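Remarks on the structure that follows.
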Amino acid sequence: MSQALSHQQILDLVPQQAPFRFIDDIVSVNEDGIVGQYTFKEDESFYAGHFPGQPVTPGVILLEAMAQTGVVAFGLYLLSLQLEQSELDRWLTLFSDAEVEFSRPVYPGELVTITAEKVFWRRMKLKAKVTMHNSANELVASCVISGMGVPKQ
């Protein structure tokens with residue numbers, strides 16, 4: 001069995017980068033789940049056109065943040081338990097399915113916490129229940145999301 005990745009090693013391996021990476025920190029991770037955080041900066045480019053004067057984070061961006069934490073980062077951790085670290089960058093995680101429900105808006109400057117719980121992990125496929133809460137611990141969104149690891153070409 002390989003050695004599990006540290007929080008920073010996981011972040012370093014996440015292929016999404018600024019301005020399209022929506023994970024600032026991994027709070028915790030184990031074989032059953034992951035908790036990550038992101039603060040939506042007030043100067044994010046999408047706020048300029050998503051309700052000018054009253055900016056709101058687009059739902060698709062919230063879903064992307066949940067996918068980056070609950071499928072990409074979590075999948076990298078789970079993969080690190082099976083493969084040597086030198087082999088991890090040979091794989092790419094692709095989003096495959098989600099059923100999402102939005103409960104409240106997220107505004108510029110807000111910190112969100114994303115928690116994912118593993119439903120299943122087998123044959124490079126991951127399905128997780130993911131929730132997003134704001135700093136007041138109010139539910140922002142929830143989803144069941146899936147992704148799969150594929151070899152890079």
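Measuring only protein heavy atoms, the 1.4 Å probe finds Ser28 accessible over about 50 Å². The Rg/Rh ratio for the stretch 1-40, using Cα coordinates for both the radius of gyration and the Kirkwood hydrodynamic radius, is 0.99.
Convex hull of alpha carbon positions in the stretch 10-81: directionally averaged projected area 4.9 nm². Solvent-accessible area assigned to carbon and sulfur over the chain amounts to 50 percent, based on a 1.4 Å probe.
For the stretch 71-88, backbone phi angles converted through the Karplus equation (6.51, -1.76, 1.60; θ = phi - 60°) give residue-by-residue couplings of 10, 6, 5, 5, x, 4, 4, 4, 5, 5, 7, 10, 10, 5, 4, 5, 8, 5 Hz, Gly and Pro being listed as x. Comparing Thr131, Thr93, Thr57 in a Gaussian network model of the chain, where Cα atoms under 10 Å apart are tied by springs, the biggest mean-square fluctuation is seen for Thr57.
Computed over the chain, relative contact order equals 27 percent, with contacts defined as Cα pairs under 8 Å that lie 6+ residues apart. Size descriptor for the stretch 41-153, Kirkwood hydrodynamic radius: 15.1 Å (Cα pairs only, one decimal). Rounded to whole numbers, the Karplus 3J(HN,Hα) couplings from phi for the stretch 61-68 are 6, 4, 5, 4, 4, 5, 5, 4 Hz, using 6.51 cos²θ - 1.76 cosθ + 1.60 with θ = phi - 60°, and x at Gly and Pro.
Placing a pseudo-label 7 Å from each Cα along the Cα-to-Cβ vector at Asn137 and Asp25 gives an inter-label distance of 1.7 nm. 3J(HN,Hα) couplings calculated from phi for the stretch 43-56 with the Karplus curve 6.51 cos²θ - 1.76 cosθ + 1.60 (θ = phi - 60°) are, in sequence order, 9, 4, 4, 6, 5, 4, x, 9, 6, x, x, 9, x, 9 Hz; Gly and Pro show x. For Leu92, the residues whose amide H sits under 5 Å from its own are Val150, Lys152, ignoring neighbours fewer than 5 places away on the same chain, with H placed 1.01 Å from N. Taking amide H as placed 1.01 Å from N in the peptide plane, the amide H of Gly33 sits under 5 Å from that of Lys118, each at least 5 places away or on another chain.
When both the stretch 70-93 and the stretch 1-68 are represented by their alpha-carbon centers, they are found 17 Å apart. Each of Val144 and Asp89 was given a label point 7 Å from its Cα along the Cα-to-Cβ line. The distance between the two points is 3.7 nm.
The values are calculated or read from the model by the stated rules, or taken from the named source; none is laboratory data. All values derive from a computational prediction rather than experimental measurement. Heads up, the Cβs are rebuilt from the backbone with ideal geometry, glycines too, and the neighbour counts pull from every protein chain shown. These area figures cover heavy atoms from the full protein model, side chains too; ligands, DNA and RNA do not enter into them. Shrake-Rupley method; radii C 1.70, N 1.55, O 1.52, S 1.80 Å.
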